[in-house]
Amino acid sequence: MSTVPSLLHPLGDDALSGAPEASLALTDLGLHQALAVMGDLGPELEALFRTPAGGADAVAYRYEVWDDLGAGVVESLLRRFTQQMGSLRELLATAARARNAWQARRLVVEACSAYTAHVRSLSTGLTSACASSRALRAFGTELEAYVGSAAFAELEEGSRAVLDELGEVRYTVLVRNNRVTVTTYQGEDDYALEVARTFARFEAPGGQQYRFASSGPVELDDVEARLLDVVAELHPGPFGRLDRFAAHNGAFFHPAVVSLEKGARFYLTYLDLVAPLRARGLGVCRPQLSVGPGPTRAEGLYDLALALRAGTAANPPEVVPNDVDLAADERTVIVTGPNSGGKTTLARALGQAHYLATLGLPVPARRAELVLPDRVATSFTQKEVLDLGRSHLEHELVHLHEVLAHAGPRTVVVLNETFSSTTLRDALLLGRAVLGALAERGSLCIFVTFVEELVTSVPGAVSLAAVVGTDDRLRRTYRFTRQPPQGAVYAAALAERYGLTDLGARDQVGR
Amino acid sequence: MSPEADFVAGPGLPTGAQDQEDDLGLSSVVAVMGDGDQVRARAARAALSNPVADHATLLWRQQALADLTANAGLATELYQAATYALREHDRLTIWGMGRSPESMRYTSVQVLEMFVPELVKLRRLLAGYGDRLASPALRGLHDRVQAELDDRYLDEVRSHLARMQLAGGTSFSASLGDANHGTAYMMHEPPSQGMRWRLARRGPQSRTFSVAEGDEEGMRALARLQGRGIAVAATALAAAAAHVRGFFEVLQAETAFYLGAMHLSAVIGSRGYPTCTPLFSQGTDRALEATALCDAGLCLRSPSAVVANDLSTQGRRLVVVTGANRGGKSTFLRSVGVAQLMAQCGLPVVARAYRAPVFDRVLTHFKRDEDAGANAGRLESELERLSGTLHQLSTSSLLLCNEPFASTNEEEGSQIGLQVLVPLSALGTQVFVVTHLFELADGARRDHGATTLFLRARREGQQAPFRLVEAPPEPTAYGEDLYRRVFGAPPAVPLPGAAPTTGTGGTGDAGP
């Protein structure tokens, strides 16, 4: 049992199970696009978005943190903290790159001092924020203890003392031609003051101000470096202390701080991802989750990846939320509708909601009630044949065989136009078999297909069909409702438009 | 130019100043004051567009002018001294102050070393005039320069400048800042060249290192370090150089003005017109009195003699000038405006005697061609302009209107005039109106006759042309006379308003 608290798992970061999720489902569901929007996360952080939290309690653990984040105090506290830590790491990186040893040591001590200040203010902030999640309460306690510890005091006071002592150092430089002579400061007077005093009698109000920019690169140039070395020689006291402190406290990050930083980045990255969506009226919510059999419901469900694209594209696709309401025993869903009518989008949305739930992340809907899956599997048509040795169909079947081998009552399977590369009869046969097997295991299955007969051939299947426009039956509404497949209606409308119905055809022919 | 403020003659003019200059024909005055010198012309324009509104400053200027006139040559010498110093400054700073502390130091030292002998020359020049200086302005300048630029002080300056040559190297101290960079740089007295630096600092240890002779990057780094050390002192020097330049700039502008004034008086005098120092009344006495007043600009422009006029408002705030075309009404109006502006610059006016209050603003509203366009547009544009002018004035201002509301018919124009100009004068603003609008003039006579001065220009062909007399308005501007002169016969149908006047006080000039 690790003693370092974690924002990500009740038993500590190390308990995060095994390898990141295989990328197939992630890609099929379109979530890789969401990851792309997040930008360069670094391998550690990216892996977190691919690794399930690990069980109902771990998921709940994370949702508790989301509840705390809802109150602005915690969010701004964590944001400030991660920004500070980011700057700190940059400072340490500069220290590592510095060519002059005295500069490097100084930077390390500056980082250490800043670190103690940030941690102290974080601890104070956390304590007063009165968080309710197990995670943040554990961190609150741990940080309070850390800040009160002797080791922390040593870091805090020690670094401060070193910097203060260095601040007392003053040296005099004499430059003559190319020779530089350095001594300790002997109390010489400010000559510029004398100059200013002499010329004061010409002063007029509102004169031009002359200023020189004081900033330059952090790196010391050759002369500065040699000068610094000489100053160090002349002031063995303060510089000796600097040397000792830097040597002794090279690595000062407390594991709890590191863990909090890592976890905070996970939550904040996702918050930043969905923030622009919130502004457009597309929210995310904490789903109500059950581990046993239960209904699958969602209000205002939408495809997250699509919504993210819609925000940036020049001709954005419409985002139309849908409602889903399945009873506990309704575990097979057949989705039908015209091309580009939103079938795949709906299936993805439902798949995403389940996937994100396993990560303990808020799902793209206004409200949701789900059965927490143990696995989300997908089978989407691939344009390319992945393995030259097999046909497309064979590939699908091999994959589904594997899925079925591990499928259980908490598995979610999303099939998109599976078996579409064969004859209708075969598709019907195979589809019926796979759906039957999945139903036997109690898995939730969402099957997007043109093969409408599947609806009637699987007992208890729910048919979600696209709603056609009342004014124009060819208009896509992107909304789905429980109704028999509307293929006939749609086809008739299409025929009518092109004058291919009985009457129309007669007209054409008669000419 | 003033006991408190510096006189600055920048290149730009305040808004509306150009229009006023055109309205009043001041460009002739400016040209003569300038006498071909851009700096003098600029100073003249700046002064005329910023008339002074307090008695003390006016007296100050009048006395300074008198002093400079009495001490012929001083103004010219001061002006030339200032001009030379400024030209040398600009030559030395042609590339600016530089971007590094070192270049700033170098240029500032050069500039100040140039200025010091010029300041000595200035001091000696003024000392030469010594007791002959009577005005507070020049006495003040003399005393200030003698007191503040004495030899002891200038020696101190020279010694600083010599040390700031940094011939013996630089000395400065610093503390340690972020990332152990140097910070809080403070310059020490520069070591002198000959002396070896007394390492009587045998107390503390010292360390020395060198930058190799061929190491260019190293030498640059060394220069940067020195720059940080001297930065504060360098900026102090640059500021000082700028301040001295500012001093000469003001001296140049002010003497430029007075030179212009003296030249103007000379030219006016050479044409035979009298000039006088105006008197300023105080407090509630707001009367304008002038004897033999002439339009200064016209005096300078016109080859033939300019007719003078007398004026005595006796405190009446509204002055209405009517009468024949080309009867001298506009010239009269200008003569008042020009004289008042010149007076409020501290200049003498072209009159035998002139007494006036000090107005806080002098504003003009003259007929404009830009008010052209569709008739409705013209009036509107004129009213917009007038509104803008009214916003700038107060009850202590002077407003000169030449043919206001001519952009509309008599009835409408008169109505507007009665609603705007008459009440304005009732509030206290001194208003002069030149107008053809009989209804306006007559309305003013009916309702405010006691507080209005009516002046009338003579008919063409009459005796003493261009002289105005105190007389009520007549309904005609002698258009019938003009017709007769052009057509050689009276008009068949009488022109409107040709009937003999029945108003009081008509001087019976009606009829052929």
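The values are calculated or read from the model by the stated rules, or taken from the named source; none is laboratory data. A quick note: this is a predicted structure, and the numbers were derived from the prediction, not measured. Don't worry about glycine lacking a Cβ; one is built from the backbone with ideal geometry, like all the others, and counts go over all protein chains shown. Note: areas computed on protein heavy atoms with side chains; ligands, DNA, RNA excluded. Shrake-Rupley method; radii C 1.70, N 1.55, O 1.52, S 1.80 Å.
Listing for the model above:
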| read-out | value |
| --- | --- |
| Accessible area in square angstrom per residue, the protein assembly as shown, 1.4 angstrom probe | 46 |
| Where only alpha carbons of region B:279-487 are counted, the Rg and the Dmax (Å) | 16.7, 55 |
| Loop-resident sites, region A:69-144, for trypsin sites (Lys or Arg not before Pro), counting at most 10 other Cβ within 10 Å (DSSP) | A:ARG99 |
| Along chain B, longest interval not containing exposed GluC sites (Glu not before Pro), exposed being DSSP loop plus at most 16 other Cβ atoms within 10 Å | B:214-459 |
| Chain B: angle of helix B:375-392 to the longest principal axis, Cα-based, in degrees nearest 10 | 50 |
| Value in Å of the Kirkwood radius, where the protein assembly as shown supplies the Cα pairs that are averaged | 39.5 |
| Per-residue mean of C-beta atoms belonging to partner chains within 10 Å, peptide B:149-161 | 2 |
| Given charges at Cβ of Lys, Arg, Asp, Glu: region A:100-202 dipole, positive-most of A:ALA138, A:GLY125, A:LEU107 | A:LEU107 |
| Distance histogram in 10 Å bins (all Cα pairs of chain A, percent per bin) | 3, 15, 20, 17, 13, 11, 8, 6, 4, 2, 0, 0 |
| Rounded, prolate or oblate (a/c below 1.5 giving rounded, otherwise prolate when a/b exceeds b/c) for region B:6-50 by Cα gyration tensor | oblate |
| For residues of B:163-176, the mean tally of beta carbons on other chains within 10 Å | 6 |
| Percent carbon-and-sulfur accessible area, chain B, ignoring ligands, DNA and RNA, probe 1.4 Å | 52 |
| Rg over Rh [alpha-carbon atoms, Kirkwood Rh] for region B:99-245 | 1.12 |
| Counting all C-alpha pairs of region A:40-170, share separated by more than 24 Å (%) | 45 |
| Charge tally in the Cβ shell below 11 Å around B:ALA241, where Lys, Arg are +1 and Asp, Glu are -1, B:ALA241 excluded | +1 |
| Potential lengthening between A:ALA96 and A:SER420 on full extension [0.36 nm per residue; Cα-Cα distance subtracted] | 110.8 nm |
| Evaluated at q = 0.13 Å⁻¹: base-10 log I(q)/I(0), Debye formula over Cα of chain B | -1.19 |
| Shape box of region A:315-447 [Cα atoms, principal axes, largest first, Å] | 44, 41, 25 |
| With every protein chain in place, chain A: carbon and sulfur % of accessible area (1.4 Å) | 53 |
| Stokes-Einstein D in µm²/s, Kirkwood radius over Cα pairs - region A:262-309 at 4 °C with 1.567 mPa s viscosity | 101 |
| Global form of region B:222-306, assessed from the alpha-carbon gyration tensor, a/c cut-off 1.5 | prolate |
| Against the rule of thumb 2.2 N^0.38 Å, how large the Cα Rg of region B:386-469 comes out | 1.15 |
| Ranked by how many other beta carbons lie within 10 Å on average, peptides B:425-431, B:122-128 from highest | B:425-431, B:122-128 |
| Gyration tensor (alpha-carbon) shape descriptor, region B:291-357, a/c threshold 1.5 | oblate |
| Cβ neighbours within 10 Å from other chains - mean over A:227-236 | 3 |
| Solvent-accessible area buried by pairing B with A, both sides, nearest 100 square angstrom, 1.4 angstrom probe | 5900 |
| Dipole magnitude of chain A about its Cα centre (Cβ charges: Lys, Arg +1; Asp, Glu -1), debye to nearest 20 | 940 |
| Sequence ranges B:176-186, A:181-191, ranked by mean other-Cβ count within 10 angstrom, highest first | B:176-186, A:181-191 |
